[in-house]
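What follows is a single structure, written as structure tokens, with notes after it.
The numbers here are math on the coordinates, done by the rules we state, and not lab data. The shown structure was predicted, so the numbers you read here are calculated from the model rather than taken from an experiment. Glycine also receives a Cβ, built like all others from the backbone with ideal geometry; neighbour counts cover every protein chain displayed.
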């Protein structure tokens with residue numbers, strides 16, 4: 001009597017692949033949502049740390065310090081797009097760009113990825129005075145998904161304090177400055 005050889009039949013293999021496809025189909029949207037939430041959280045933390053460091057540097061140095069969006073880590077962007085990163089620089093003359101490379105205190109480079117960051121219209125940078133005040137008016141850096149949903153904001157008030165605001169998850173409001 002000949003025994004059956006080990007292995008799977010074609011029908012068993014196809015059934016296993018079909019079950020696996022269904023499970024992956026159900027899990028992928030959740031994994032995408034999780035990855036987006038982690039990316040947004042990293043941006044929230046990166047921005048709040050950079051703004052807090054800039055404020056402390058202005059107070060410690062007794063001179064203005066600015067934070068601006070940057071694509072290359074050496075020059076400020078002149079638009080409101082913070083997706084690729086930002087830089088913190090000593091700004092005693094209140095210039096739109098760092099006067100010298102040694103004025104740059106900190107550079108944060110980011111892969112644009114799934115999160116877009118847009119500044120408040122009219123505020124291309126956050127400038128801290130030696131008192132720690134940011135002056136002018138409140139500014140918001142809005143974090144948006146690439147499909148246009150608002151994920152939250154990092155808000156700097158005129159006293160220079162930073163806070164994070166998360167957007168409600170369901171339903172997510174549209175991003176006012178969609179990418």
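For this structure, a couple of remarks:
- Ellipticity estimate at 222 nm from DSSP helix runs (n ≥ 4, -39,500 (n - 2.57)) divided over the chain, nearest 500: -11000 deg cm²/dmol
- Among 78, 151, 143, the largest mean-square fluctuation in a Gaussian network model of the chain (Cα springs under 10 Å) belongs to 78.
- Most fluctuating residue given options 11, 67, 81, as computed from a GNM of the chain linking Cα atoms under 10 Å: 11
- Per-selection Kirkwood Rh - the chain (Cα, Å, 1 d.p.): 18.4 Å
- Computed on the Cα trace of region 1-85, the radius of gyration divided by the Kirkwood hydrodynamic radius gives Rg/Rh = 1.47.
- Förster-model FRET efficiency, 22 Å R0, residue 49 and residue 93, C-beta, rounded to 0.05: 0.30
- Label positions at residue 34 and residue 137, each projected 7 Å from the Cα along the C-beta direction, are separated by 4.2 nm.
- Compared with the dominant Cα axis of the chain, that is its longest principal axis, helix 10-61 is turned about 10°.
- Shape category assigned to region 71-145 from the gyration tensor of Cα positions, a/c cut at 1.5: oblate
- Region 101-179 gives an Rg/Rh value of 1.02, both radii derived from C-alpha positions and Rh following Kirkwood.
- Considering only 99, 18, 40, the Gaussian network model of the chain with Cα springs below 10 Å gives its largest mean-square fluctuation to 18.
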